[in-house]
Amino acid sequence: VREDRDDRDRDARRLAAESLDRDDPTGWFERLYAAAESGAAVVPWDSASPQRLLVEWAERFRVRGAGRRAVVVGCGFGDDAEYVAGLGFDTDAFDISASAIRGARQRFPDSRVRYRTADLLDPPAEWRRGFDLVVEIYTLQALPDPPRRQAVTRLRDLVRPGGTLLVIAIARDDAEAPGPPPPWLLTRTEIEAIAIDEITLVRLDEFGEDRRVRAEFRRG
Ligand SMILES: C[S@@+](CC[C@H](N)C(=O)[O-])C[C@H]1O[C@@H](n2cnc3c(N)ncnc32)[C@H](O)[C@@H]1O
């Protein structure tokens, strides 16, 4: 399994390294998705299904979205956004990669989700404090710091008063040396530190040996 995973990650690691050499920490996403479109690379995180911990969270807390707005950050090919829309949320979803957004529209041609190309580091002004639910899965850990701190600030800004921010990530132990990036795993302490100002941590659950973390925050 380890070897398979390394194989799947190889294109992403190569393109990320080239991007970082050019001081362009987000340029490789479009190059990866574009290469995948022509069959020249694999998008290693594409499971073609909604994230298990997102589904489990929504089921456990009986999340219903009617009359509420959601946004899915770094949505890739859209499987999580479709799930969120299926809960009844009026849903926006965005990715920095235009090829990913094209892929999402192709995968879900009859979707109610508004897919668009946008950068979390500079999101549309009208989205500020605009959402009852903000879903972020594996995007913060796909960014080195900088620009991750800026990404966290912008992420928090998307949440409306009373709204929820859900972050799903793989946590690294505080004492553990980071592995070869990507990803640039956050520590649990860094994930908890998303809660500042009016944003508070509601609950944080850890899952399994690979230390998947699901953190739910709320803007008071
Ligand atoms: C590791 S992938 C995870 C994709 C998806 N959330 C999932 O869980 O399968 C990170 C995603 O975030 C997108 N991304 C990275 N930086 C971004 C940014 N600054 N703004 C918007 N999307 C970004 C990438 O293109 C990629 O689709």
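The values are calculated or read from the model by the stated rules, or taken from the named source; none is laboratory data. All values reported here derive from a predicted model rather than from experimental measurement. Ideal geometry is used to build each Cβ from the backbone, glycine not excepted, and the neighbour counts take in all protein chains shown. The accessibility values were calculated without ligands, DNA or RNA, using every heavy atom of the protein model including side chains. Shrake-Rupley method; radii C 1.70, N 1.55, O 1.52, S 1.80 Å.
Here are a few things to note about the model shown:
- Restricting the first member to segment 168-179 and to residues that are free of Cβ contacts under 8 Å to residues at least 24 places away in the same chain and more than 15 Å from the ligand (Cβ to nearest atom), and the second to residues that are of a type outside the set (Asp, Glu) and assigned to a loop (DSSP other than H, G, I, E, B), the beta-carbon pairs closer than 8 Å and six or more apart or on different chains are 178/184; 178/185.
- Leading residue by the ranking (farthest from the ligand (Cβ to nearest atom)) among those in segment 133-167 that are open to solvent by 40 Å² or more (accessible area, probe 1.4 Å) and in contact (Cβ under 8 Å) with a residue 40 or more places away in the chain: 161
- Counting the residues of segment 101-128 that are over 20 Å from residue 77 (Cβ atoms) and open to solvent by 70 Å² or more (accessible area, probe 1.4 Å) gives 4.
Condition check ((1) at pLDDT below 95; (2) open to solvent by less than 50 Å² (accessible area, probe 1.4 Å)) across all residues:
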| residue | (1), (2) |
| --- | --- |
| 178 | yes, no |
| 182 | yes, yes |
| 191 | no, yes |
| 195 | no, yes |
| 204 | no, yes |
| 208 | yes, no |
| 211 | yes, no |
| 214 | no, yes |
| 217 | no, yes |
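- Residue count for segment 78-98, restricted to those that are over 21 Å from residue 57 (Cα atoms) and near the ligand (Cβ under 9 Å from one of its atoms): 4.
- Selection count where residues are touching a residue at least 24 places away in the same chain (Cβ under 8 Å) and away from the ligand (no atom under 13 Å from the Cβ), scope segment 120-132: 5
- Considered as a group, the residues in segment 27-54 that are within 20 Å of residue 168 (Cβ to Cβ) and of a type in the set (Ser, Thr, Tyr) include one that is farthest from the ligand (Cβ to nearest atom), and that residue is 49.
- Selection count, segment 104-138, where residues are of a type in the set (Val, Ile, Thr) and closer than 18 Å to residue 88 by Cα: 3
- For residue 83, the conditions (1) farther than 21 Å from residue 204 by Cβ; (2) touching a strand residue (DSSP E or B) at 6+ places or on another chain (Cβ under 8 Å) are fulfilled apart from (2).
- Helices (runs of 4 or more DSSP H) fully within segment 94-194 that include at least 3 residues being touching a helix residue (DSSP H, G or I) at 6+ places or on another chain (Cβ under 9 Å): 98-107, 148-157.
- Segments classed as helices (runs of 4 or more DSSP H), wholly inside segment 1-83, with at least 3 members that are open to solvent by less than 30 Å² (accessible area, probe 1.4 Å) and aromatic (Phe, Trp, Tyr): 27-37
- Remark: pairs (first residue in segment 35-47, of a type in the set (Phe, Trp, Tyr); second residue within 8 Å of the ligand (Cβ to nearest atom) and open to solvent by less than 20 Å² (accessible area, probe 1.4 Å); Cβ separation under 7 Å; 6+ apart in sequence or on different chains) = 45/76.
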